[in-house]
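Novice: Would you mind keeping the following structure in view while I ask a few things?
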Amino acid sequence: MRKLLLLTTVVLVGLVFIARLFYLQVYGGYEYDVFEDTAIRKVYNYPKRGYVYDRNGKLLVANQPSYDVMVIPREVEPLDSLELNEFCKLLKITKEDYARKLERATNYSPRLPSPFVPQLSKTDYAVLQEKMRKYEGFYIQKRSLRSYQTTIGANVLGDIGEVNRSIIAQQPYYKLGDLIGKQGVEKTYEDILKGVKGIKFIQKDRFNKDIGPFKEGKLDTLPVPGKDITITIDSQLQAYGELLMTNKRGGIVAIEPSSGEILAMVSGPSYNPNLLVGRNRSENFNKLYRDSIAKPLFDRGLQAMYPPGSPFKTLNALVALQEGVITTEERFSCAMGYRYGNRKMGCHAHRSPANMNIGIYESCNAYFANVYRRIMDKYDTPAKGMDNWSKHIKSFGLGDYLNNDLSVGQPGKVPTAATYDRAYGKNRWYTTFTISNAIGQGEVLATPIQLANMAAAIGNRGYYYTPHIIKDIEGENIPTKFTTPNHTTIDKRHFEPVVEGMYDVYNKGTANMLQVKGIDICGKTGTAENFAIIDSVKTQLTDHSIFVAFAPKDNPKIAIAVFVENGYFGSRFAGRMASLMIEYYIRGEITRKDMENFVLRYSLEHEYEKPYSGEPFGINRQTTLEPISEEEFQNLLKLKAEIPKS
């Protein structure tokens, strides 16, 4: 009887255990997650990041090996004084750094690995690897860093840096210490370039020692390399543009009108992209970021919003023709300006009266003030005229981010009736309140890329392709939005007289000294007023130099916009630089050495110092030309000679 009772008890207890286990696993259990298992160490195998090539197949961005010292805080054994000194010396850190880094890793997770000292060099790794076995809780993880095969295009290429907690929270794929594209192409095409991490699961025993692959490595995965990409930039043209922008501030954007591909995207001043690689990245980034005067991290080609100045007159001519409020031969007088009420919009001396062709190539303010008033006054109210005008202007991509694939940008500004309703009150303003829009001043703002796109649309006689930086993705097609034309609201037949006017800007107008023999260039000079707040007073500084152009006249290969801050009138700096860039792209060489020497020899750094030094501005806000030394000039010519040929 006792034996039966004992047997029955054992069976009942067994059934209870079985039932409980069945309940826990089938009904009340949870799915096993190897990533949550603290007895399994996870070792990530980082993939090769995709390479970046320019439009001619030149390698711009590759990879180089890097080694991170990782730490699992709860596995760290206390180090005595001698061991700590040796370890810190090997890592090139202080004892204080050691304590701070270990505390940071512990706060992140005591049981998960995190970077302790990232991005060791090959030399440091070679010295350290043989001694790592002495330091429990630490191990070395290999991955790759970027290796920029060029010193140009930092704003285009961007850089990679460590993810922060915000990124990790939004994208769980990333772990502390992982790298992600921060700017430029690296940021825009992060998902394509990064690839997919591989992982190994290592089983640990109860003493926390590795004992081999978990489940014989069946759950391990191999890394998937990132895809290579080809960008639209012509690195040779980019290098030349950055050379021309030496000692100046501004932006240059060049576009291929037939495709919308960005050929060059210069921001001055620039910096060497290799500064943001390796253990000194953070220090170098902070230096660049804290330069609040030159602002090297501020991409002026995409982010700087300037009054577009006289190049904007070409759009007002097109809108007037489309609205039927003017003919190409109708003339307006100019007596050194345009009077409205008791005010006057000044103008330079030129032949008068002016028709559209003369108005464009002489850049007559009075002509375009009359044209603008005709556009506005066609409608019952200024508000209706303004909204109709705004619709036409926006069709050229102004006042919009352009829906491109660039990592940063600004929309610019194209005013509407609501803009002036807010400023003056509804129905309490008139066309003359907005007359500065006639000459690209007023409330209109544009970025260099928007004006380059505008020039491309005029060169194409009424359409443009969305400007973009991607040319080819390994094994993929680029988005169709980059291969679909965007049409303006202006009929094709209205473009020819405007194109002729821009052509005559070079032949007999404000850019007649900038001609390049054998290349038919259409352009438009511009000078934009420039203000700054100095000691709480709005102060007018030296004007900005602006130029837009496309070439050749028919079936253009390049459209370009150049802004040079404090460069004075359009043909002084911006016009010369545009002509040089066009010739360099089309011919691969420069015949106008006189223009090149002028641009390289004269610096504008003294102009940029005036708001801080108290030095007065020149007469009529002109730049005072200051040459660099002969040695500096010869160094720039040497740099030009070293630009790699495609």
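Novice: How about the range 227-243: which of its residues are open to solvent by less than 20 Å² (accessible area, probe 1.4 Å) and either at pLDDT below 95 or hydroxyl-bearing (Ser, Thr, Tyr) (or both)?
Specialist: Across the range 227-243, the qualifying residues are THR232, SER235, TYR240.
Novice: Condition first: outside any helix (DSSP H, G or I) and either open to solvent by 40 Å² or more (accessible area, probe 1.4 Å) or among the aromatic types (Phe, Trp, Tyr) (or both). Now tell me which residues in the range 415-434 satisfy that. Outline the logic, then answer.
Specialist: Applying the first criterion (outside any helix (DSSP H, G or I)) to the range 415-434 yields 415-416, 425-430.
Correct list: LYS426, ASN427, ARG428, TRP429, TYR430.
Novice: Which one is modelled with the lowest pLDDT among residues in the range 411-464 that are within 13 Å of PRO308 (Cβ to Cβ) and hydroxyl-bearing (Ser, Thr, Tyr)?
Specialist: Among residues in the range 411-464 that are within 13 Å of PRO308 (Cβ to Cβ) and hydroxyl-bearing (Ser, Thr, Tyr), the one modelled with the lowest pLDDT is SER436.
Novice: Using the structure shown, decide if TYR612 is surrounded by fewer than 19 Cβ atoms within 10 Å (Cβ to Cβ) and of a type in the set (Phe, Trp, Tyr).
Specialist: Values: surrounded by fewer than 19 Cβ atoms within 10 Å (Cβ to Cβ): yes; of a type in the set (Phe, Trp, Tyr): yes.
The answer is yes for TYR612.
Novice: Separate question: I need the full set of residues from the range 479-496 which are surrounded by 16 or more Cβ atoms within 10 Å (Cβ to Cβ) and either under 18 Å from VAL156 (Cα atoms) or not β-branched (Val, Ile, Thr) (or both), in order please.
Specialist: PHE482, ASN486, HIS494, PHE495
Novice: If you take the residues in the range 517-548 that are in a strand (DSSP E or B), out of contact with any Gly (no Cβ under 9 Å at 6 or more places or on another chain) and not aliphatic (A, V, I, L, M), which one is most open to solvent (accessible area, probe 1.4 Å)?
Specialist: LYS538
Novice: Among the residues of the range 79-93, which ones are in a helix (DSSP H, G or I) and open to solvent by 70 Å² or more (accessible area, probe 1.4 Å)? Steps first, answer last, please.
Specialist: Initially, the range 79-93 is screened for residues in a helix (DSSP H, G or I), giving 81-91.
If the condition is that a residue be in a helix (DSSP H, G or I) and open to solvent by 70 Å² or more (accessible area, probe 1.4 Å), then SER81, LEU82, LYS89 are the ones that fit.
Novice: If I filter the range 448-475 down to residues being charged (D, E, K, R) and in contact with a Lys or Arg (Cβ under 7 Å, 6 or more places away or on another chain), which single residue comes out as nearest to GLY226 (Cα to Cα)? Show your work before the answer.
Specialist: Pass one, the range 448-475, residues charged (D, E, K, R): 461, 471-472, 474.
Narrowing the set further to residues that are in contact with a Lys or Arg (Cβ under 7 Å, 6 or more places away or on another chain) leaves 461, 471, 474.
Numbers: ARG461: 40, LYS471: 17, GLU474: 9 Å.
Looking at residues that are charged (D, E, K, R) and in contact with a Lys or Arg (Cβ under 7 Å, 6 or more places away or on another chain), I get GLU474.
Novice: Same structure, new question: What are the pairs with Cβ atoms under 9 angstrom where one residue, in the range 87-105, is in contact (Cβ under 8 Å) with a residue 40 or more places away in the chain and under 15 Å from ARG279 (Cβ atoms) and the other, located anywhere, is exposed (fewer than 12 other Cβ atoms within 10 Å of the Cβ) and among the charged types (D, E, K, R)? Sequence gap at least six, or different chains.
Specialist: Once the first residue is in contact (Cβ under 8 Å) with a residue 40 or more places away in the chain and under 15 Å from ARG279 (Cβ atoms) and sits in the range 87-105, its partners that are exposed (fewer than 12 other Cβ atoms within 10 Å of the Cβ) and among the charged types (D, E, K, R) give LEU90/LYS131.
Novice: Please enumerate the residues belonging to the range 213-226 that are open to solvent by 20 Å² or more (accessible area, probe 1.4 Å) and not in a helix (DSSP H, G or I).
Specialist: PRO213, LYS218, LEU219, ASP220, THR221, LEU222, PRO223, VAL224, PRO225
Novice: Also, I was wondering about something else. Residues SER109, SER144, SER166: which one is farther than 30 Å from ILE643 by Cα, surrounded by fewer than 17 Cβ atoms within 10 Å (Cβ to Cβ), among the polar types (S, T, N, Q) and in contact (Cβ under 8 Å) with a residue 24 or more places away in the chain? Step through it out loud before you land on a result.
Specialist: Values: SER144 fails: farther than 30 Å from ILE643 by Cα; SER166 fails: in contact (Cβ under 8 Å) with a residue 24 or more places away in the chain.
Of the residues listed, the single one that is farther than 30 Å from ILE643 by Cα, surrounded by fewer than 17 Cβ atoms within 10 Å (Cβ to Cβ), among the polar types (S, T, N, Q) and in contact (Cβ under 8 Å) with a residue 24 or more places away in the chain is SER109.
Novice: Among the listed residues GLY137, GLY153, identify the single one that is surrounded by 20 or more Cβ atoms within 10 Å (Cβ to Cβ), among the small types (Gly, Ala, Ser) and in contact (Cβ under 8 Å) with a residue 60 or more places away in the chain.
Specialist: Values: GLY137 fails: surrounded by 20 or more Cβ atoms within 10 Å (Cβ to Cβ).
Only one candidate qualifies: GLY153.
Novice: Is there a residue in the range 266-275 that is in contact with a strand residue (DSSP E or B) (Cβ under 6 Å, 6 or more places away or on another chain), within 27 Å of PHE633 (Cβ to Cβ) and assigned to a helix (DSSP H, G or I)? Walk me through it before giving the result.
Specialist: From the range 266-275, those in contact with a strand residue (DSSP E or B) (Cβ under 6 Å, 6 or more places away or on another chain) are 266-268, 273-274; that's our starting set.
Now drop any that are not within 27 Å of PHE633 (Cβ to Cβ), which leaves 266-268, 273-274.
Checking which are assigned to a helix (DSSP H, G or I) leaves us with 273-274.
For the range 266-275, residues in contact with a strand residue (DSSP E or B) (Cβ under 6 Å, 6 or more places away or on another chain), within 27 Å of PHE633 (Cβ to Cβ) and assigned to a helix (DSSP H, G or I): present.
Novice: Return the total of residues in the range 176-208 being more than 17 Å from ALA154 (Cα to Cα), open to solvent by 20 Å² or more (accessible area, probe 1.4 Å) and under 26 Å from the mean Cα position of the chain (by Cα).
Specialist: 5
Novice: Would you list the strands (runs of 3 or more DSSP E) that sit entirely within the range 129-206 and hold 2 or more residues that are out of contact with any helix residue (DSSP H, G or I) (no Cβ under 7 Å at 6 or more places or on another chain), within 20 Å of ASN274 (Cα to Cα) and hydroxyl-bearing (Ser, Thr, Tyr)?
Specialist: Working: elements: 138-148, 160-162, 179-181, 198-204.
Because the criterion is at least 2 residues that are out of contact with any helix residue (DSSP H, G or I) (no Cβ under 7 Å at 6 or more places or on another chain), within 20 Å of ASN274 (Cα to Cα) and hydroxyl-bearing (Ser, Thr, Tyr), the strands (runs of 3 or more DSSP E) in the range 129-206 that meet it are 138-148.
Novice: Could you check, for the range 32-54, whether at least one of its residues is within 15 Å of GLU136 (Cα to Cα) and part of a helix (DSSP H, G or I)?
Specialist: Filtering the range 32-54 down to residues within 15 Å of GLU136 (Cα to Cα) leaves 41.
Next, from what is left, pick out any that are part of a helix (DSSP H, G or I): none.
Scanning the range 32-54 turns up no residue that is within 15 Å of GLU136 (Cα to Cα) and part of a helix (DSSP H, G or I).
Novice: Could you tell me how many of the residues in the range 293-350 are part of a loop (DSSP other than H, G, I, E, B) and open to solvent by 30 Å² or more (accessible area, probe 1.4 Å)? Can you show your working first?
Specialist: Taking the range 293-350 first, the residues part of a loop (DSSP other than H, G, I, E, B) are 293-299, 304-305, 307-309, 324-331, 333-336, 341-342, 347-350.
Filter once more, keeping what is open to solvent by 30 Å² or more (accessible area, probe 1.4 Å): 293, 295, 297-298, 305, 324, 327-331, 333, 335-336, 341-342, 348-350.
Number satisfying all stated conditions: 19.
Novice: Here is a further query. Which of the numbered conditions does PHE116 fail, given that it passes all the others? Conditions: (1) among the aromatic types (Phe, Trp, Tyr); (2) open to solvent by 20 Å² or more (accessible area, probe 1.4 Å); (3) in contact with a helix residue (DSSP H, G or I) (Cβ under 6 Å, 6 or more places away or on another chain).
Specialist: (2)
Novice: Of these, ASP377, ASP387, which one is in contact with a Ser or Thr (Cβ under 8 Å, 6 or more places away or on another chain), open to solvent by 30 Å² or more (accessible area, probe 1.4 Å), modelled with pLDDT of 95 or more and not small (Gly, Ala, Ser)? I'd like the intermediate steps shown before the answer.
Specialist: Values: ASP377 fails: modelled with pLDDT of 95 or more.
Only one candidate qualifies: ASP387.
Novice: Continuing with the same structure: Might you let me know whether the range 560-577 holds any residue that is open to solvent by less than 10 Å² (accessible area, probe 1.4 Å), modelled with pLDDT of 95 or more, farther than 19 Å from ALA528 by Cα and not in a helix (DSSP H, G or I)?
Specialist: no
Novice: Starting from the range 406-422, take each residue that is aliphatic (A, V, I, L, M) and list its partners that are open to solvent by 20 Å² or more (accessible area, probe 1.4 Å), counting only C-beta distances under 6 angstrom and pairs at least six apart or across chains.
Specialist: Hits for this filter: VAL408/GLN303; VAL414/LYS394; VAL414/GLY399; ALA417/ALA383; ALA417/ASP387.
The values are calculated or read from the model by the stated rules, or taken from the named source; none is laboratory data. What you are looking at is a predicted structure, and each value in this text was computed from that prediction instead of being measured. In this analysis, Cβ positions are derived from the backbone assuming ideal geometry, glycine residues included, and neighbour counts consider all displayed protein chains. Side chains are part of the model used for accessible areas, which takes the heavy atoms of the whole protein and leaves out ligands, DNA and RNA. Shrake-Rupley method; radii C 1.70, N 1.55, O 1.52, S 1.80 Å.
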